[in-house]
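Here the structure is laid out as structure tokens; the discussion comes afterwards.
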Amino acid sequence: MLAMAPAASASAKNLAIELAPSAENPTRPQMGDHLSFQSRITNTGTAPVDGVISWLSIVRVDAGQEAPIGLEDWSAEKAVTRSRLAPGETIVTDWPMRLIQDGRYRAVVSAASRDGTALAASPFTDFTVRAKPVVQSARVLPVAAGVPLLLLALFFMRRRRVSIT
């Protein structure tokens, strides 16, 4: 049987977490754009919370493609730690990210404490990433078709000149 010592500080259950998108975010973000979210973690209890760790998670919610997203390419911030959060104190964190793949997503910030046995989480913040056209066929087709035709024309003109002389 696992015995737990009485905690000297409060746990994550005393943490209230809010998450909101930045006002500077694009209204219709697409792949390659940057978004930022801001979290506010407040100790609502009467005792300090020691060893606070918070992190951002993103899940894809497109039908048939539901999955958590690895943030290696999306976000520079992996986790934020605070040795102690006093009663009434708030940690404000900006979570910048670069949008890698189109789809529908949900962001959430979670927090845990060193001695706590529960996890605190913010409400979800939904966002959609539009696909960005990588290749525009109207620009590529004339070059893709025109260059080989031009080379063939030059080849036959040169061949014709060589055979006349």
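Readers should treat all values here as calculations from the given coordinates under stated rules, not as data from a laboratory. Predicted model, so just to flag it, every value in this text is computed and none were measured. We place every Cβ from the backbone using ideal geometry, glycine too, and count neighbours over all the protein chains shown.
A few notes on this one:
- Net charge over other residues, Cβ less than 14 angstrom from the Cβ of residue 128 (K, R count +1; D, E count -1): +2
- Sparsely packed trypsin sites (Lys or Arg not before Pro) within segment 46-97, loop by DSSP, other Cβ within 10 Å at most 13: 78
- Relative contact order (%) - the chain, alpha-carbon pairs under 8 angstrom, separation at least six: 29
- Modelled FRET efficiency - R0 22 Å, residue 141 with residue 98, Cβ distances, 0.05 increments: 0.15
- With 0.36 nm allotted per residue and the present C-alpha distance subtracted, the residue 78-residue 36 stretch has 13.7 nm of extension available.
- Computed over the chain with a Gaussian network model linking Cα atoms closer than 10 Å, the most mobile of 103, 70, 32 is 70.
- Gaussian network model of the chain, springs between alpha carbon atoms under 10 Å - residue of 43, 25, 14 with greatest fluctuation: 25
- Rounded to the nearest whole Hz, the Karplus-based 3J(HN,Hα) values (6.51 cos²θ - 1.76 cosθ + 1.60, θ = phi - 60°) of segment 48-61 follow the sequence x, 10, 9, x, 7, 10, 10, 8, 9, 10, 10, 10, 8, 10, with x at glycine and proline.
- Mean ellipticity per residue at 222 nm, deg cm²/dmol - from DSSP H runs of n ≥ 4 across the chain, formula -39500 (n - 2.57): -6000 deg cm²/dmol
- Computed about the Cα centre, the dipole magnitude for segment 47-165 is approximately 1280 debye when only Lys and Arg (+1) and Asp and Glu (-1) carry charge, each at its Cβ.
- Candidate values (1) -0.92, -1.20; (2) -0.73, -1.01; (3) -0.91, -1.09 were compared with log10 I(q)/I(0) by the Debye sum over Cα atoms at q = 0.13, 0.17 Å⁻¹ computed on the shown model; the agreeing label is (2).
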